[in-house]
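J.: Sharing a structure with you now.
The values are calculated or read from the model by the stated rules, or taken from the named source; none is laboratory data. All of these numbers come straight from a predicted model, not from anything done at the bench. As a convention, Cβ positions derive from the backbone with ideal geometry for all residues, glycine included, and neighbour counts pool all protein chains shown.
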Amino acid sequence: MTALLWLVPIALAMGLVGLGAFLWSMRSGQYDDLDGAAERIFIDAGADRPMASVEDDATEPKPSR
Amino acid sequence: MASPAALNDVALRRTSTRQSVDELILASRVLDDGLLQTQLSVPTAHCGGCMGKIERALAQLDGVVSARVNLSTRRATVTWKRTATIPPLLETLSEVGFEANLLSNLEGQPDRERRRLIVAMAVSGFAAMNIMLLSVSVWSGADPGTRHLFHAISALLALPTVAYSGRIFFQSAWSALRAGRTNMDVPISIGILLALGLSIFDTLHSGPHAYFDAVVTLIFFLLIGRTLDYLMRDKARSAVLGLAKMMPAGAKVIAEDGSRTFVALDSVAVGDAIVVAPGERVPLDGVVLAGEGDVDTAVVTGEAMPTPVMAGSKLLSGMLNLDGSLEVRVTSTSAQSFLAEMVVMMEAAEQGRAHYRRLADRVAAYYSPIIHTLALAAFAGWFLSTGDWHRSLTIAISVLIITCPCALGLAIPMVQVVAAKRLFERGIALKDGSALERLAEIDIVVFDKTGTLTIGDLRVTEADIDQRYRDIASAMASRSDHPVARAIAASSEGRAGGTLDSFSELPGKGLEACRAGHVFRIGRPDWALGGANADVGSLHTVFSVDGERAGHFRFSDIEKTSARDAVRQLSELGLDVELLSGDHPEAVSTVAASIGIAKFRAGLLPQQKVQRLEALAGKQCKTLMVGDGLNDGPALSAAHVSMAPSNAADIGRAAADIVFFGQDLAAIPQALRISRAAGRLVRQNLVFSVGYNLVVLPMALAGYVSPLLAAVAMSLSSITVVANALRIPSQTGPRPNTVRRERALVPAGSAA
C-alpha cells in the first residue's frame, strides 16, 4: 500500500510529462508540415555549419503562432 | 483539321489573369521592423527536391529574408523587406517551373478550432490511459482501501478532463437544445454527465463501481473521430483556397492628372475611371469610356463566343478583356456589382437548403428518446420492485452508458473521413461531410455548358477559304493570342506558316497583314471587307484579300473529351442528365446532341437557373448541379448538392460542396460511386452499433453490467465501426482515361 503512495504519483507525472511534451511540440509548430519534415532531411543546405551560428538563427523563420 | 482530342490537350483553358505587384502588397501581412510576409500556394510542389528548389530560388532574391515551403499544405511562406524594388516572387517561381498564386493574408490566420480539438483530444487521451491503468487494477481485485484510493485519483483526473475536453460536446448539445432540436451530442452529453455524477457519488460513498474510465474513453474516442473529420475538411478547404484567384483584388484608377494607382476594390467609387489591360478581368461593373476590343463573357453569361465592345458598351465584373486596352467608368461599387448581386442570390438560395439535417442527427432524433425512456423505465421498474433508489439509479445509468452512442457517434464521421480521403486521392475535395450523404441521394444531374462540359475555348467548325490563302491565314492567326485566332491556328496545325511582310492586330476588329503588295485581313466582316458588306449574313469571321472576300470561318466551343463518357456513366448509374446554359440555343443544342444529353435549356439568366432547380426540387427531385461560372453561383447554392471544377469562378468554388481538380469530368461518376459506397457502409455501421447495444441492453436492464463489461463493449463496437469504415474501395468503377488523369492538377495539400 505504501508503495502505491509514490508509484502512482510517479506514473501520473510521467504521463503528464508526455502530455506536456506533446502540447509543446504542437505549439512550436512541429506538426505543421509532416510531409516536409520527412523530405527536408535530404536538403543539405548549410550542413557543415556549427549548429547555433548567428546566421542560422536569422534565416530560420519564426514558428507561426 | 486536328481531332478534338488533340486540340483538347493543346488548348486546356488558360488562366490569363495576371497578378500585379500591387496585388502582392495587398495580399501580404505586415510584420514588425518593415518586413512583409506573403503566402504563396504552390500546388505542384510534391517532393523534397521541389522544396529545395523553391526555397533556394526565392531566398536568393534581393530583399527576401526567408522562404520556407510547407509540403503538407503546398504553401510557401516568404518574408521580405519592403524596398524600392519588390522581389518578383511569382515570376521567379514560374522560371524554375512552378505555377504559384497568391493567398490573401486573411487565409493565413492560425486555425483556433483545429488546435482546440487536438489539445482536447490529447488531454482526454492522457486521462483515459491513466484512468484505464487504475481501473484495470480495480477490476483485477484490489482491496477496498486501494479501490477507494484509485477511484478518488480517477475522479481527480476525470473531472478536469470532462470539463475541458467534454465542453466541445456540451456546447454543441446546448446550442442544439436552445434551437429546439436534438443532435447526436445531446444523448452523448447526458450519458457523460450522468455517468460522471453517479461515479462521483459512489466514490464519495466508497461504492464498488465507478465508470470514470468509460466516461473518459468515450470522450477520447469521439474526439478522435471529430478531429479527423475536421482535419479532412480543413485540408479540402485549404486546397480550394490555394487555387488561383479569378477576380482581381483591386483596380487601376486613373487620377485627374492622368497618373494610375492601384486601389483595393472597396475604395473605388462610382464614377471613377479605371484601366483594364488586355488579359485582365473587369473588376467592377462599368461603361467603356475609350478603347475597343473583344471580351470573353463565358463566366458571366455562359456565352462561348467573344463579344466586341467599344465606347458606350456595358461591362459586368468578371468579364475577361481579351485584346484591347479599355478605359472604363465605374457604374457601381463593389458592394452592388454583378458579382455582389450573385452573392446575394446565393445567400437567398442557401436558405432553401439550410433545412437539410445530417443523418447522424436524424438518427439521434429517434435514438435518444428511446434510450432515455428505457433508462427511465429501468429506474422505475427497479425502484418499484426493490425500493432501493441507489440500486435503481445505478442500473438506469448503466443502461445509459452501455447504450451511449459511442460507436454511433463514430459510425458516420469515420466513413466520411475515409471516403473524403479516397476522393482527395483522386483530386476531389469534399468540403463538408454532409455533402457525401446528399450526393448519394441525388437522382438528376444538372450541367452548365461553357467551362463545365466544354473547355470554354473555340474550335473551327467550318473553314471555307481558298486553298491559296490557307498558309497566310494560319501564319496570321499563329501570331495572335485572341481565342478566334488560336482556333484558326490550331485548325491548320502542321501547315508551314508563310512569311509576312507586316502584321498588326487591331483590337475589336481583327488581324491585318501584308505580303507581296496585298493586304490580308481576318476579322469582323464589316471591317475586313472595308464597309462593302455584301451579304455577310450571320458570318462571324471573314478572310479578305484587298477588301475582297476570300473565305470565312465559323466556330464553336470544344467539348471536353471526358464529357460524353461521364454523361454515359451517369446514365448507367440511373441518373437523369439536364443541361442549363446561358448561351444561345443553337450553340447549346449542338453541344447537347454531341454529348448525348436529351434535355437542355438555353439562354437562361442566373435566376432562371435557380428557378429551374427549384422547380425540380418541387417535383421531389434531388439535384446535383455542376457549374463553373459566376452565373452558376446561385444555382450551385440552390441545388441539393453541387460540384465545381477547380478553374471555376471564385464564388462558384465557394458555393460548391465539392471541388474537383483538373478538367476530367470522370470525377463526377467517381464521386457518386464513392458516395454510394459510403452510404452503404454508414448503414452497416449503424446496424453494427445499434446491434451491439441491443445485445448488451438486456444485461444492463437486468443489472448485470459491470464497468469492465461497459469498457469492453464500448471499445469493441468502436473498433468494429472504424474497421468497417476502412473498407471503402480505393478503386471504384472503370477508369478509361487514366492517362489524362495524370495531367490533372495535383491539389494543394494532398499527400505526396
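J.: Anything in segment B:136-155 that is within 11 Å of chain A (Cβ to nearest Cβ), surrounded by 14 or more Cβ atoms within 10 Å (Cβ to Cβ) and free of Cβ contacts under 8 Å to residues at least 12 places away in the same chain? List them, or say none.
T.: Result: B:142, B:146, B:149.
J.: Condition test on residue B:200, is it part of a helix (DSSP H, G or I), touching a residue at least 40 places away in the same chain (Cβ under 8 Å) and in contact with a Gly (Cβ under 7 Å, 6 or more places away or on another chain)?
T.: no
J.: Filter segment B:575-593 down to the residues that are among the hydroxyl-bearing types (Ser, Thr, Tyr) and either modelled with pLDDT of 90 or more or touching a helix residue (DSSP H, G or I) at 6+ places or on another chain (Cβ under 6 Å) (or both) and list them by number.
T.: Within segment B:575-593, just B:581 meets the criteria.
J.: If a residue has to be buried (at least 24 other Cβ atoms within 10 Å of the Cβ) and part of a helix (DSSP H, G or I) to count, how many in segment B:616-663 make the cut?
T.: Within segment B:616-663, residues that are buried (at least 24 other Cβ atoms within 10 Å of the Cβ) and part of a helix (DSSP H, G or I) number 12.
J.: For residue B:116, are the conditions met, namely being of a type in the set (D, E, K, R) and under 25 Å from the mean Cα position of the chain (by Cα)?
T.: Criteria met by residue B:116.
J.: How many residues, within segment B:19-42, are part of a loop (DSSP other than H, G, I, E, B) and within 14 Å of chain A (Cβ to nearest Cβ)?
T.: 4
J.: Now a separate question. Just the residues that are acidic (Asp, Glu) and at pLDDT below 85, please, taken from segment B:282-293.
T.: Once the filter is applied, which keeps residues that are acidic (Asp, Glu) and at pLDDT below 85, segment B:282-293 yields only B:292.
J.: Additional query: Only one of these conditions is not met by residue B:59: (1) within 14 Å of another protein chain (Cβ to nearest Cβ); (2) in contact (Cβ under 8 Å) with a residue 60 or more places away in the chain. Which number is it?
T.: That leaves (2) as the condition not met.
J.: Applying the selection to segment A:1-38, what residues are of a type in the set (Gly, Ala, Ser) and touching a residue at least 24 places away in the same chain (Cβ under 8 Å)?
T.: Answer for segment A:1-38, where residues must be of a type in the set (Gly, Ala, Ser) and touching a residue at least 24 places away in the same chain (Cβ under 8 Å): A:28, A:29.
Conditions tested, residue by residue: (1) closer than 30 Å to residue B:393 by Cα; (2) assigned to a loop (DSSP other than H, G, I, E, B); (3) not polar (S, T, N, Q).
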{"residue": "B:665", "(1), (2), (3)": "no, yes, yes"}
{"residue": "B:676", "(1), (2), (3)": "no, no, yes"}
{"residue": "B:680", "(1), (2), (3)": "no, no, yes"}
{"residue": "B:689", "(1), (2), (3)": "yes, no, no"}
{"residue": "B:694", "(1), (2), (3)": "yes, no, yes"}
{"residue": "B:712", "(1), (2), (3)": "yes, no, yes"}
{"residue": "B:715", "(1), (2), (3)": "yes, no, no"}
{"residue": "B:723", "(1), (2), (3)": "no, no, yes"}
{"residue": "B:729", "(1), (2), (3)": "no, yes, yes"}
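J.: Among the residues of segment B:152-192, which ones are more than 17 Å from residue B:220 (Cβ to Cβ) and part of a loop (DSSP other than H, G, I, E, B)?
T.: B:179, B:180, B:181, B:182, B:183
J.: Given (1) over 24 Å from the mean Cα position of the chain (by Cα); (2) at pLDDT below 80; (3) in a helix (DSSP H, G or I); (4) surrounded by 24 or more Cβ atoms within 10 Å (Cβ to Cβ), where does residue B:304 come up short, assuming only one miss?
T.: The failed condition is (3).
J.: Grab the helices (runs of 4 or more DSSP H) fully contained in segment B:429-521, keeping just those with 3 or more residues being at pLDDT 85 or above.
T.: By residue number, B:433-441.
J.: Sort out which residues of segment B:62-80 are at pLDDT below 85 and more than 30 Å from the chain's Cα centre (by Cα), and write them in order of number.
T.: Correct list: B:62, B:63.
J.: Does segment B:103-121 include one or more residues that are more than 11 Å from chain A (Cβ to nearest Cβ), part of a helix (DSSP H, G or I) and touching a strand residue (DSSP E or B) at 6+ places or on another chain (Cβ under 6 Å)?
T.: Within segment B:103-121, one or more residues are more than 11 Å from chain A (Cβ to nearest Cβ), part of a helix (DSSP H, G or I) and touching a strand residue (DSSP E or B) at 6+ places or on another chain (Cβ under 6 Å).
J.: Still on this structure, please answer the following. Given the conditions (1) over 26 Å from residue B:192 (Cα atoms); (2) without any contact (Cβ under 8 Å) to a residue 40 or more places away in the chain; (3) surrounded by fewer than 21 Cβ atoms within 10 Å (Cβ to Cβ), which single one is not true for residue B:77?
T.: (2)
J.: With the condition kept exactly as written, say whether any residue in segment B:206-220 is under 30 Å from residue B:424 (Cα atoms), in contact with a Gly (Cβ under 8 Å, 6 or more places away or on another chain) and either basic (Lys, Arg) or within 12 Å of another protein chain (Cβ to nearest Cβ) (or both).
T.: no
J.: Determine whether segment B:611-627 contains at least one residue that is at pLDDT below 90, under 15 Å from the mean Cα position of the chain (by Cα) and under 13 Å from residue B:446 (Cβ atoms).
T.: Yes, segment B:611-627 contains at least one residue that is at pLDDT below 90, under 15 Å from the mean Cα position of the chain (by Cα) and under 13 Å from residue B:446 (Cβ atoms).
J.: Regarding residue B:173, is this residue small (Gly, Ala, Ser) and either closer than 30 Å to residue A:3 by Cβ or touching a His at 6+ places or on another chain (Cβ under 9 Å) (or both)?
T.: Judged against the criteria, residue B:173 is not a match.
J.: Would you please name the residue that is modelled with the lowest pLDDT, looking only at residues in segment B:153-205 that are more than 26 Å from residue B:706 (Cβ to Cβ) and of a type in the set (A, V, I, L, M)?
T.: B:184
J.: Please work out which one of (1) buried (at least 24 other Cβ atoms within 10 Å of the Cβ); (2) among the hydrophobic types (A, V, I, L, M, F, W, C); (3) closer than 22 Å to residue B:712 by Cα is the condition residue B:371 fails and give its number.
T.: Residue B:371 satisfies every listed condition except (1).
J.: Now a separate question. Can you tell me which residue among B:680, B:673 is more than 30 Å from residue B:241 (Cβ to Cβ) and basic (Lys, Arg)?
T.: Going through B:680, B:673 in turn, just one is more than 30 Å from residue B:241 (Cβ to Cβ) and basic (Lys, Arg): B:680.
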